[in-house]
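What follows is a single structure, written as structure tokens, with notes after it.
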Amino acid sequence: MSALDTLAAPAGDLLSRIAPAALLAGVLVLSVHVGVQSRRLAELNRDIIDQDQQIRRSAAALAPAPGPPLVLAPAPGVAAATVGVLQRQAAAAGLQYVEVKITGQRPILPNRLLLSALLTGTADAPSLERFARWVGRGQAGVVLKRLVLTAPPQPSRSAGLATELTVLAAIDQPPPRPSTADGA
Amino acid sequence: MTWEEDEPDRLAEAGDVYACAVELPVSSVRRARSAVALQLDRLSPLPVADVAFDVAALGPGRPGSTRFALGIIARAAFEPPDAPALLHRQVEFEGRRLAFRFRDPGRVQERTDSRRVVGGLVSILALCTGLVLLGFDRREARDVAAASSRLDDSAFTLDRLRALKNGRDAAAQAWASESALQAAALIPCAIQRLGGGRADPVYLTSFQVDRSGVSGRFSHPPPPARAGPPRGAGVTLAAMAGAGLAPGALPPGAASAPGQVFTIGARACR
């Protein structure tokens, strides 16, 4: 009788008993894992529902962007468009020798800019009043911050005009192009 | 591990039991039974199929070995219908009284077979359950991954919305503070107040408007060098006194000194 035979017999017997036990233990461990995963899934679903509600609430409470803007133009041309609009309005009001300079700009939203403009020219009372009424309509996206009229040395119906304005401008963003990598 | 096998020695027969001594490289009786079962054909005086056996410890043998007494009984002892499945026999062997317990090999085999069947069924059941659970587990893992991803997307959207809300609030505030500086409405008001139909000419030398109000400088009557019709932004200040404008001391027809200053407060034009 060899030692190998002596040890192999009980080993085989043991294996036949261990196999079902090991399988049962594996099933038990797997059941626990499935249970833990189910709980995590339930928690995640609860969190998703909570977050969806928060999204709906936040979207409902979202304030509209300030506006309407005076100018809507693509980003590179906002300043030029603003100058053009102010010049046209000044000319329409009757102001003369109008020159508009953009002295500063600052973004207040990704698609909204506040531009500071200095308008110089000459004005008489009626044209000044017309221009002021256009600015003062309130919804034109333009604010008159300061106006200075200086009488010329020689008698004249017009006086030198310098006006500081703030303009609300919107950047016209084209909608994103559909990706061509999708096999279009 | 090797060991020298002892031939069964000191074969004894006590009643229906044959006994002999064997030396095995194991220490427990249970293992000794398993070892003997493999070599029973060489140790038994009867065919293996016709016997039952048991082992009892005798004591230490050579180094690494233990001496056991092997008891063998003919299977015929279990054949009577009322025979028990377990037979007890006391045997005198090497001057010691040994107790053997013989199990009916047929019933032992039946029990082993049934145990194997049950074990097999349990294994198959466990395997099937395990496979089902594994499939369920995989599906849940996919669901958890999808839910996590969706939660991340929701969190990103929520952050964007919050940032957008904060940005819009700040933008609205910035625009509101700029709009509060609006002074345009003061100009028509001031012109209306200054430009009454009075005939006494006032020469306006400067005119300034901001949020706080309107201020200006005028001369009345116009300085000689600037003689002419009322001008200075084209505004006649004839109605200043009537409108209650500062300096307020301009009764109709009264003369004011050149360089006199006037002011219209923002409140007056609301």
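The values are calculated or read from the model by the stated rules, or taken from the named source; none is laboratory data. Quantities reported herein were computed from a predicted structural model and do not represent experimental measurements. Glycine gets a Cβ as well: all are built from the backbone with ideal geometry, and neighbour counts include every protein chain shown.
From the list B:Asp153, B:Asp137, which one is more than 7 Å from every other protein chain (Cβ to nearest Cβ) and modelled with pLDDT of 90 or more?
Details: B:Asp137 fails: more than 7 Å from every other protein chain (Cβ to nearest Cβ).
Criteria check complete, one pass: B:Asp153.
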Of the numbered conditions (1) closer than 24 Å to B:Val214 by Cα; (2) surrounded by 14 or more Cβ atoms within 10 Å (Cβ to Cβ); (3) modelled with pLDDT under 90; (4) facing chain B (nearest Cβ under 9 Å), A:Glu164 satisfies every one except a single condition; which is it?
(3)
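Quick check on region B:53-67. Is at least one of its residues part of a loop (DSSP other than H, G, I, E, B), touching a Lys or Arg at 6+ places or on another chain (Cβ under 6 Å), modelled with pLDDT under 90 and not basic (Lys, Arg)?
To start, the set of residues in region B:53-67 that are part of a loop (DSSP other than H, G, I, E, B) comprises B:61-65.
If we keep only those that are touching a Lys or Arg at 6+ places or on another chain (Cβ under 6 Å) as well, we get B:61.
Going one step further and asking which of them are modelled with pLDDT under 90, we end up with B:61.
From the residues that got through so far, the ones that are not basic (Lys, Arg) too are B:61.
Yes, the conditions are met somewhere in region B:53-67.
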Only listed residue being on the phi > 0 side of the Ramachandran plot and out of contact with any strand residue (DSSP E or B) (no Cβ under 6 Å at 6 or more places or on another chain), chosen from B:Gly59, B:Gly106, B:Gly64
B:Gly64
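Out of A:Val135, A:Val34, A:Val98, I need the residue that is more than 12 Å from chain B (Cβ to nearest Cβ) and surrounded by 15 or more Cβ atoms within 10 Å (Cβ to Cβ). Which one? Spell out how you get there, then give the answer.
Values: A:Val135 fails: more than 12 Å from chain B (Cβ to nearest Cβ); A:Val34 fails: more than 12 Å from chain B (Cβ to nearest Cβ).
Result of the check over A:Val135, A:Val34, A:Val98: A:Val98.
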Please enumerate the residues belonging to region A:37-73 that are facing another protein chain (nearest Cβ under 7 Å) and basic (Lys, Arg).
A:Arg40
For region A:1-31, how many residues are modelled with pLDDT of 75 or more, farther than 15 Å from B:Thr112 by Cα and aliphatic (A, V, I, L, M)?
10
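Tell me, which strands (runs of 3 or more DSSP E) wholly within region A:68-149 include 3 or more residues that are in contact with a Leu (Cβ under 8 Å, 6 or more places away or on another chain) and modelled with pLDDT of 90 or more? Before the answer, list the steps.
Numbers: elements: A:71-73, A:96-109, A:112-123.
By residue number, A:96-109, A:112-123.
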